[in-house]
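Working notes, structure below.
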Amino acid sequence: MRFKIILCFFACVFGSLLSKAQTYPRPEIQVEDFIENLFNLQSADANYEDLYEQLLLLYSNPIDLNLASPDDLRNTYILSEQQVQELLKHRQKTGKFLSIYELQSIPSFDLKTIYALLPFAIVNETPMNQDNKGLFKRILSEPNNSVILRGSRTLEDQKGYTKANPDRSGNSPSRYAGDPNKLFVRYRVSHVKDFSIGLTAEKDPGEQLKWNPKTNQFGMDFWSAHFMLENKGIFKKIIVGDYQYMFGQGLVYSAGFSVGKGSEPITTVRRSSIGIRPYTSVLEGLFFRGGAATIGFKNFEITALVSRKYVDGNIQTANDTIDNDQIENFASSINITGFHRTPTELRNKHSNREDMLGTSIIYKEKSGKWEIGALATTIQYQFPIIRRPTVYNQFDFNGDRNQNLSFTGQYNYQNFSFFGESAISKGGGHATVAGLVGSIGRGLDVSMVARNYSKDYHAFYSNGFGEATRNVNEKGIYWGLKYRAHPKWLLAGYYDRFMFPYLSFQADGPSWGDEYLSRITYSPSKTVSFFVQYRNESKLRNLSSNSTPTDILVKTRRQNWVIQADAKATTWLSVRTRVQGSLWNQEKGSPQTYGIAISQDLNFDFGKISLSNRFSIFDTDDYNNRQYLYEKNVLYAFSIPALYGRGVRFYSLLQFSPNRKIDVWIRVARTIQRDAKTIGSGNELINGNQRTDVVVQFRYKF
Amino acid sequence: MYSDVWAVHNNIGALGWLKQSGVGVSFENRYNLLALNQIAFAGAAVSQKYGVFGLGISRFGSSLFNQSRAGLGWSKSFGIASIGLEGQWYQVAASEFPTQHYFILNFGGLAQLTSKIHFAASIQNLTQTKASTIIDERIPTIVRAGISFTPNQRVKLITEIQKDLDQKSIVKAGIEYEVIKKVWVRTGFSSQIEQVSGGLGCQWRNLTFDYAVANHPQLGWTNSFGINLLLGKSESDQKDDKKAGLKEVK
């Protein structure tokens with residue numbers, strides 16, 4: 001072993017002496033492959049586009065192996081706990097990584113792991129700040145910068161862009177104010193652990209492109225910018241602009257991001273305290289706007305957060321019942337979709353002000369063996385939120401102020417990592433999550449998570465581990481197991497059991513259920529891989545065919561299966577076939593329904609020019625059996641259509657680089673449902689049986 | 001170690017792998033109800049020549065309703081597999097009803113497929129004994145089949161399917177991990193009855209202690225505790241002694 005390390009060391013030293021070109025070129029992130037391995041794509045009520053956007057945000061900040069904290073490493077979701085510990089030990093023992101090749105000398109790092117890690121990891125040859133250049137010069141000379149321009153639209157006419165005919169009472173149905181083009185611009189220049197500057201602007205389809213400073217619209221509908229510095233004196237991080245904050249296990253502040261249950265059963269169940277992160281996305285609800293700073297003082301990290309932003313919501317007016325002259329405004333909800341297309345959406349735009357103050361303190365033991373932290377935060381709205389009362393939302397947040405207090409901790413023992421967070425909200429609601437991940441043998445990893453979220457717990461930016469999308473009204477326990485039985489065979493699976501003590505989505509009563517997934521991956525060679533996956537979820541839901549006034553809870557079961565084969569035929573041609581299907585049924589309900597989708601990919605890659613194609617066919621009995629198929633798209637964009645009904649879908653994506661500074665992407669996708677008269681609903685409705693989406697994107701590196 | 005004296009209650013066929021005689025007692029309280037207490041005794045005598053003989057006694061319930069069992073079994077390993085047979089006396093007593101006695105027959109086996117994989121199966125109430133002379137009600141016949149996998153010396157993964165002729169099948173899965181020498185943690189779950197459980201076991205000289213807690217979403221908590229006493233010395237202990245002896249000599 002020692003010999004291997006020495007050999008590697010010399011290889012690196014000579015490598016770097018002989019030629020600078022020897023540094024391993026960081027491959028472009030193949031997001032789709034990576035994400036497919038993490039996510040369990042067929043979950044019923046997840047907003048995948050948001051999740052992907054968040055994951056991308058995470059990966060657009062590569063980690064430097066010489067500076068990465070244990071949390072940074074875990075946050076890649078690639079490394080097992082054993083690998084994290086061994087990498088840290090290696091760094092401690094042999095000093096800084098000289099090259100990414102050095103990863104091979106860590107015993108538990110197999111080639112598969114290294115290849116998976118490469119797109120997200122770097123080894124900086126010139127350590128930050130040490131090249132004596134001023135910050136301004138460093139920013140100007142930073143090679144990691146680019147501007148991206150993207151335009152996309154649906155070619156068919158959608159209802160929202162047609163002329164509205166007034167109905168009998170003279171009311172015109174609402175239509176979109178703008179054109180169907182979607183525009184997106186992003187500029188970013190960053191250097192790991194040094195600085196990050198970014199500017200993002202977006203106009204959604206149907207939104208207007210206009211300059212009207214009176215309504216605070218400056219061309220595009222959404223603007224976001226940030227300026228962040230890291231490791232400057234006592235400041236570990238300091239940021240102005242749009243940012244996110246992640247603390248503990250995400251019960252209060254989660255940076256909007258969670259992977260949770262998926263095809264990767266171990267590394268995704270634990271959240272990492274990564275603190276302040278710049279925000280470069282276009283989701284208009286999940287960030288803070290203002291400033292934040294983290295100060296490092298001995299083993300303490302103290303963070304202060306300030307934010308003021310305007311949120312969308314329907315502001316209503318009610319007369320005070322006691323004093324009739326007194327008029328009170330309130331919001332019935334907060335809308336985070338970020339669409340401002342129709343008159344109603346435009347009226348609700350930025351109608352309510354949200355102010356946030358927060359502070360946290362984290363103590364990290366020197367060797368990184370354990371850490372504890374506390375967070376206190378308050379969020380205040382200009383107009384109180386008063387929901388229309390229903391049986392469901394009895395315990396939801398009402399009022400103009402919420403406060404959270406949270407404690408978190410983690411402890412590493414051998415190849416185990418224990419973690420937990422416990423939080424309370426102003427109304428007395430509480431939430432607790434605790435778990436462990438560990439390596440208990442060669443290639444054998446386990447995880448376990450228990451959670452208990454009370455029905456009256458309120459936190460607007462939480463995203464802790466759970467079955468439901470919000471951390472409320474849930475108890476459960478989860479087991480995960482992953483076993484690399486052989487370099488070619490990988491077994492993974494989880495079992496999760498949960499209960500919802502109060503009413504929940506589509507369940508008008510206390511309910512419970514369980515879910516399990518298993519996946520077997522076989523990779524006979526570096527260019528061929530094959531997997532089979534099965535997932536089963538049973539939970540109590542309202543009987544959909546019930547006609548009595550009172551809902552009846554019955555066991556509702558959803559099964560999903562996937563078989564996929566990948567092969568890289570030659571250096572320039574790769575193929576993939578995927579067959580997936582689902583079954584859905586309710587006890588005492590209508591007969592079982594089915595869905596199936598088959599897709600065939602054909603990808604050509606000639607280096608400077610590549611072409612990806614897919615043809616897929618789908619046939620589902622109903623919406624319950626809708627099939628999600630992850631599709632390749634232009635860099636940093638996502639496409640995960642939910643296919644239901646009967647039809648075909650195909651796309652072609654062309655990418656080429658006229659020179660080293662410019663990349664161009666063009667994508668055309670079309671769905672045809674021959675036996676349908678219309679596609680879509682509401683203002684998105686198309687009169688016809690096909691829908692075509694076109695995207696064009698340019699990237700310029702300065 | 002993939003067998004202990006409790007095989008006499010769970011799978012008589014596994015008893016044949018026992019290397020060391022022993023006795024054990026256990027106590028279980030289900031869902032914090034006094035009426036659902038169970039106490040049990042298990043004992044096994046190992047004979048190199050004739051195989052392993054086991055005695056199992058248990059009582060479940062209170063004075064108003066209780067079930068008692070007493071069984072005598074025999075098991076022996078042949079090559080990579082062992083089989084066993086047990087005759088059990090089974091009594092059901094409910095106040096104000098005449099007490100019923102039955103005789104049932106249990107059968108089981110355990111095979112070592114590879115050094116890491118074991119397979120076991122058992123049939124409880126082979127005879128499908130009638131419970132009533134008036135209607136065709138039978139004592140439940142339960143068939144169980146399971147696999148254990150030992151990827152390394154500290155980890156054991158187990159899964160089992162259990163089928164009662166008149167009930168839906170139950171799948172159980174569990175994991176045992178030796179955190180430090182002679183201390184085991186365990187956790188597992190079962191489908192259908194939707195119970196989750198966790199436990200701790202440790203060995204001190206000839207004594208082993210086991211504690212388990214289980215939770216059912218509606219019914220609540222179940223606590224179990226057991227003590228086993230190993231009689232005589234096992235082969236591994238003898239090895240340990242030899243090593244210790246060597247060190248002393250050095």
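Each value in this text was obtained by applying a stated rule to the coordinates, not by laboratory testing. Bear in mind that the values here come from a model prediction, so they are computed numbers and not experimental data. Positions of Cβ are generated from backbone atoms using ideal geometry, with glycine treated the same way; all protein chains shown enter the neighbour counts.
Suppose R0 equals 60 Å. What FRET efficiency, 1/(1 + (r/R0)^6) with r the Cβ-Cβ distance, do B:K49 and A:T215 give to the nearest 0.05?
Working from the Cβ atoms, E equals 0.05.
Hey, with R₀ at 41 Å, roughly what FRET efficiency would A:V391 and A:I596 work out to, going by the Cβ-Cβ distance, to 0.05?
0.65
For n ≥ 4 DSSP H runs only, could you compute -39500 (n - 2.57) per run for chain B, divide by its residues and tell me the 222 nm figure to the nearest 500?
-2000 deg cm²/dmol
What is chain A by shape, rounded, prolate or oblate, if you read a ≥ b ≥ c off the alpha carbon gyration tensor as root eigenvalues and call it rounded for a/c under 1.5, prolate for a/b larger than b/c, and oblate otherwise?
The shape class here is rounded.
I need the shape label for the stretch A:146-237. Rule: rounded when a/c is under 1.5, else prolate if a/b > b/c, else oblate, with a, b, c from the alpha carbon gyration tensor.
prolate
Give me the one-decimal nm value for the distance between modelled label points at A:A485 and A:E142, 7 Å along each residue's Cα-to-Cβ direction.
4.7
In chain A, which whole DSSP H runs stretch at least 15 Å along their own axis (Cα) and average -0.5 or higher on the Kyte-Doolittle scale?
Helices passing the filter in chain A: A:2-18, A:48-59.
Checking the a/c ratio against 1.5 first, then a/b against b/c, what shape does the Cα gyration tensor give for the stretch B:21-145?
Verdict is prolate for the stretch B:21-145.
Between A:K112 and A:N314, what is the spin-label point distance in nm, taking each point 7 Å from the Cα along the Cα→C-beta axis?
Distance between label points: 5.1 nm.
Among the chymotrypsin sites (Phe, Trp or Tyr not before Pro) within the stretch A:64-172, which fall in a DSSP loop and have no more than 14 other Cβ atoms within 10 Å of their own Cβ?
none
Would you please name the chymotrypsin sites (Phe, Trp or Tyr not before Pro) within the stretch A:606-637 that are DSSP coil residues with at most 14 other C-beta atoms within 10 Å of their C-beta?
A:F606
Within 13 Å, Cβ to Cβ, of B:Y177, how many net charges do the neighbouring residues add up to if Lys/Arg are +1 and Asp/Glu are -1?
+2
Quick one: which of A:K112/B:K181; A:K137/A:K182; A:K475/B:K172; A:K261/B:K172; A:K482/A:K608 span more than 30 angstrom between C-alpha atoms?
Violating the 30 Å Cα-Cα cut-off are A:K112/B:K181; A:K137/A:K182; A:K482/A:K608.
So how much slack lies between A:N398 and A:K588, counting 0.36 nm per residue of separation and subtracting their Cα-Cα distance, in nm?
Full extension from A:N398 to A:K588 adds 64.6 nm.
Around A:A201, with a cut-off of 13 angstrom between Cβ atoms, what is the net charge of the other residues, counting Lys and Arg +1 and Asp and Glu -1?
Taking every Cβ under 13 Å from that of A:A201, the sum is -1.
How much mean residue ellipticity at 222 nm does chain A get from its helices, if each DSSP H run of length 4 or more adds -39500 (n - 2.57) and you divide by all residues, to the nearest 500 deg cm²/dmol?
Here the helix-only value at 222 nm equals -3000 deg cm²/dmol.
Using +1 at the C-beta of Lys and Arg and -1 at the C-beta of Asp and Glu, which of B:F103, B:S47, A:L111 has the Cα lying farthest in the positive direction of the dipole of the protein assembly as shown?
Value: A:L111.
Treating the angle as unsigned and between 0 and 90°, give the value, to the nearest 10°, between the Cα long axis of helix B:235-249 and the longest Cα principal axis of chain B.
Its long axis makes an angle of about 30 degrees.
Under a point spin-label approximation (7 Å from Cα along Cα-to-Cβ), what is the B:F225-B:K163 distance to one decimal in nm?
3.9
Filter the chymotrypsin sites (Phe, Trp or Tyr not before Pro) in the stretch A:549-595 to those in DSSP coil with at most 15 other Cβ atoms within 10 Å of their Cβ, and list the result.
Those that pass, being in a loop and sparsely packed, are A:W572.
With +1 on each Lys and Arg Cβ and -1 on each Asp and Glu Cβ, and nothing else charged, work out how big the dipole of the protein assembly as shown is about its Cα centre, in Debye to the nearest 20.
2640
Between B:K182 and A:F530, what is the FRET efficiency for a Förster distance of 41 Å, r being their Cβ-Cβ separation, to the nearest 0.05?
Calculated transfer efficiency: 0.45.
Under 15 Å from the Cβ of B:F60, count the other residues' Cβ atoms, weight Lys and Arg +1, Asp and Glu -1, and hand me the total.
Summing Lys/Arg as +1 and Asp/Glu as -1 gives +2.
Holding the Cα-Cα limit at 21 Å, pick out from A:K349/A:K455; A:K133/A:K298; A:K214/A:K309 the pairs that are longer than that.
A:K349/A:K455; A:K133/A:K298
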